[in-house]
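The values are calculated or read from the model by the stated rules, or taken from the named source; none is laboratory data. Everything quoted here is computed from the prediction, not taken from an experiment. In this analysis, Cβ positions are derived from the backbone assuming ideal geometry, glycine residues included, and neighbour counts consider all displayed protein chains.
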Amino acid sequence: MKALSLYPQNAAAVAWDEKLVEYRSWQTKYRGPVLICANARKTCGYLSGYGLCVMNLEGIYHFPDKTLGWRFSPFQTGKSYHIEPVPVKGRQRLFGVPDHLIQPVQWKRDGQTNDQEKHEWWANVYLPLIENR
């Protein structure tokens with residue numbers, strides 16, 4: 001799968017559906033699923049060095065200042081999903097990550113979120129990875 005490395009706070013914002021546009025100075029013709037990874041930069045309160053979710057890159061928009069806005073589809077479309085955090089060594093540009101490493105979380109099935117399972121997963125899987133950094 002194609003992957004994109006972002007600063008940890010930006011990767012978390014994309015993963016938790018708070019940010020759907022990522023600004024870049026370069027573009028790609030690729031459209032489709034992209035593994036969103038938090039780069040290795042240590043940032044207090046954020047997970048770094050892990051793949052966090054899969055989003056759908058639906059387009060790139062050009063702004064007058066020559067900035068490019070990469071538009072991701074939101075989770076409601078069914079094209080995006082959280083994954084079990086997987087250690088990933090980020091790179092510049094788009095890079096490949098083996099598909100077998102990407103495991104969707106169990107609390108999101110058929111587009112429906114089970115809030116209790118989500119909170120348990122957050123407490124038992126995600127938070128310990130942040131706290132052990």
Among the residues of segment 73-81, is any within 18 Å of residue 11 (Cβ to Cβ) and at pLDDT 90 or above?
-> no
Considering residues that are closer than 12 Å to residue 56 by Cα and modelled with pLDDT of 95 or more, the number found within segment 2-18 is 3
